[in-house]
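The structure appears right after this line, and notes come after that.
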Amino acid sequence: MHIDIDDLVNKDLKHIWHPCSQMMDYEELKPIIIERGEGVNLYSYDNKKYIDVVSSWWCNLLGHCNKRISNALKKQLDTLEHVIFANFSHIKAIELCEELCKVLPSGLEKFCFTDNGSSAIEAAMKMSFQYHYQTGNPQKTRFMALSDAYHGETIGALSVGGVDLYSEIYKPVLLDVIRIQGPDCYRCPYGLNCKNCNAQCIEFAKDSFEKWGDKTSAIVIEPLVQAAAGMKIYSPKYLSALRKLCDEYNVHLIADEIATGYGRTGKMFACDYAGISPDIMCLSKGLTGGYMPMALAVTTKKIYDAFYAPYLEGKAFMHSHTYSGNPLACAAACEVLKILREENIIEHAQKKALYFNSEIVKRFFEHKNVGDVRSIGLINAIELVSDKKTKTPFDSKYRVGYQIYKKALEKGVILRPLGDVIYFNPPLIIEKDDMDYVINVAYDCMCGVLN
């Protein structure tokens, strides 16, 4: 069947409002209509190949059209597509929870199913507030979060976010959140290096806990990597110190592992680097390998028990989503865990990361406009600046990152920078040849724009 690509593009632009986009940009850079995916590659209808080095917004964990996940979904589709999750259950949901208990940090054993990352954050925040209300601390109504945080787009999740690009215009309707100056290892106020510091920047958090700890229900954090802020990476010592503060002030630690979980940082969860267990952990993205929308807010028996009471006491957690515990998503998630375990995916990714990281540093670090090269696991970020000595950013009007993105698309690489931070966050199955190619393309496109 003949496909009229121009016709598809015109229909797309007539009807679709694409996410996180200024639609006027699409007048110049038309939407690319994808026909199929295989491994780390996507293929458009005009037979062009694109390496998906950003994992389609960080969710594609094991490659597009992974045969094992696809087969698990096909098998589930013939058995049960969906069932109301109140008073009903199914094998795949039970299996998923059992298997996750084997790899989650200690104590996380109660699973609240939602259908996307933002809603998992919302559930965690509500859960924390209601816990304190029902355990004699109704004054704990505030939330803390770090500067430059990102936790999603719904009102509660956006409130604890701290990236103005997403939240500035909505501030009149957002929650009044206690904002803590977070770690900024590239522009460290102490002039230290995150690899050998003692997380001196925890002092900002200590000050906030002293002032507001008695009124605070929870602090929401992205462990080790503030992704939307430009893949800002900080020390596990900060996480450890924050866990101690939360214990001291009876404040819940909500770990947003939506982007950092499932091997992205080189360990199953970023919290594993610090050896800490949060009170609530939120999971999505890699949870289903990028196949189906699903998220989890996983918590402790201690929190769960505060809701366990006769119905008329009104202590139940009255939070629900139509597609909670969807069997198709659960089937995909179960297969992802099996693949990670049986094929030693994370262990292999750790070895790949050593090569990827070193090659990126060798290629980019000496460039006059590369201010910082940072990495953890297969995540790598290159921060571009107008002045390397002063670490001065480019004027945003030049949209340097966006210009590099456009050039890279012409050469078949999907970069989609975060401002002027070029980053790589590929599927864990990426191989050396593709690493070499995306490094070369990114470098050439950067030089083409900056020189």
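The values are calculated or read from the model by the stated rules, or taken from the named source; none is laboratory data. Small disclaimer: the values here were computed from a predicted structure and weren't measured. As a convention, Cβ positions derive from the backbone with ideal geometry for all residues, glycine included, and neighbour counts pool all protein chains shown. Quick note on the areas: whole protein, heavy atoms, side chains included, nothing else; ligands and nucleic acids left out. Shrake-Rupley method; radii C 1.70, N 1.55, O 1.52, S 1.80 Å.
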Computed over region 80-173, Cα set: Rg, Dmax in Å: 16.5, 44
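Considering only protein heavy atoms and a 1.4 Å probe, what is the carbon-and-sulfur percentage of the accessible area of the chain? It would help to have the intermediate numbers written out before the result.
Details: 11410 of 21350 Å².
Carbon plus sulfur share of accessible area: 53 percent.
Using the heavy atoms of the protein chains and a 1.4 angstrom probe, tell me the accessible area per residue for region 127-275 in square angstrom. Intermediate results must be reported in sequence, preceding the final value.
On the way: 6020 Å² over 149 residues.
Using a 1.4 Å probe on heavy atoms only, each residue of region 127-275 averages 40 Å².
Can you tell me the length gained on complete extension of the stretch LYS206 to ILE32, counting 0.36 nm per residue apart and subtracting the Cα distance?
Numbers: separation 174, 0.36 × 174 = 62.64 nm, distance 4.78 nm.
Residue separation times 0.36 nm, minus the Cα-Cα distance, leaves 57.9 nm.
Determine the gain in length on full extension of the stretch MET1-MET23; use 0.36 nm per residue of separation and subtract their C-alpha separation, reporting nm with one decimal. List each step's numbers first, then the result.
Working: separation 22, 0.36 × 22 = 7.92 nm, distance 2.99 nm.
Extra length available between MET1 and MET23 comes to 4.9 nm.
Can you pull the percent of Cα pairs in region 365-451 with separation above 18 Å?
Details: 1474 of 3741 pairs.
Tail fraction, whole percent: 39.
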For region 114-166, what is the Kirkwood hydrodynamic radius in Å, using each pair of distinct C-alpha atoms? 11.7
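In square angstrom, what is the accessible area per residue of region 338-414 with a 1.4 angstrom probe? All intermediate terms of the calculation are to be shown ahead of the outcome.
On the way: 3990 Å² over 77 residues.
Averaged over the residues of region 338-414, the accessible area is 52 Å².
Stretched out fully, how many nm does the piece from TYR304 to TYR43 gain, at 0.36 nm a residue minus the Cα gap?
On the way: separation 261, 0.36 × 261 = 93.96 nm, distance 4.58 nm.
Here the answer is 89.4 nm.
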If I compute semi-axes √(5λ) of the Cα gyration tensor in Å from the structure I just sent, which labelled value in (1) 42, 23, 20; (2) 34, 29, 21; (3) 62, 23, 17 lines up? (2)
With +1 on each Lys and Arg Cβ and -1 on each Asp and Glu Cβ, and nothing else charged, work out how big the dipole of the chain is about its Cα centre, in Debye to the nearest 20. 760
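What value, in deg cm²/dmol to 500, does the helix sum -39500 (n - 2.57) over DSSP H runs of n ≥ 4 give at 222 nm once divided by the residues of the chain?
On the way: 15 runs with 165 residues, N = 451.
Computed mean residue ellipticity for the chain: -11000 deg cm²/dmol.
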Which percent of Cα-Cα pairs in region 13-87 sits in each 5 Å bin, short to long? 3, 12, 15, 16, 19, 14, 11, 7, 3, 1, 0
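So for the chain, averaging the separation of alpha carbon pairs under 8 Å that are six or more residues apart and normalising by length, what relative contact order in percent results? Don't jump to the answer; show the numbers that get you there.
Numbers: 830 pairs, mean separation 90.9, N = 451.
Normalised by residue count, the contact order of the chain is 20 percent.
Restricting to the chain, compute how many DSSP beta bridges are antiparallel as a %, nearest 5. Can you show the working numbers first?
Working: 32 of 47 bridges.
DSSP beta bridges in the chain are roughly 70 percent antiparallel.
Suppose a student asked you for the relative contact order of region 89-182, using Cα pairs under 8 Å spaced at least 6 residues apart; what percent would you report? Please list the in-between numbers first.
Working: 101 pairs, mean separation 20.8, N = 94.
Rounded, it is 22 percent for region 89-182.
Longer than 27 Å from Cα to Cα, which of LYS140/LYS206; LYS195/LYS301; LYS171/LYS391 are they? Say none if no pair is. Could you put the intermediate results ahead of the total?
On the way: LYS140/LYS206 17 Å; LYS195/LYS301 35 Å; LYS171/LYS391 29 Å.
Checking Cα-Cα distances, LYS195/LYS301; LYS171/LYS391 exceed 27 Å.
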Could you work out the relative contact order of region 221-293, using alpha carbon pairs under 8 angstrom and six or more residues apart, expressed as a whole percent? 32
Here the tail fraction of P(r) beyond 15 Å, over all Cα-Cα pairs of region 50-105, rounds in percent to 67
Quick check: pseudo-label points 7 Å beyond the Cα along Cα→Cβ at LYS338 and ASN250, how many nm apart are they? 4.6
Cα→Cβ-extended label distance, 7 Å offset, between CYS101 and PHE317, nm: 1.6
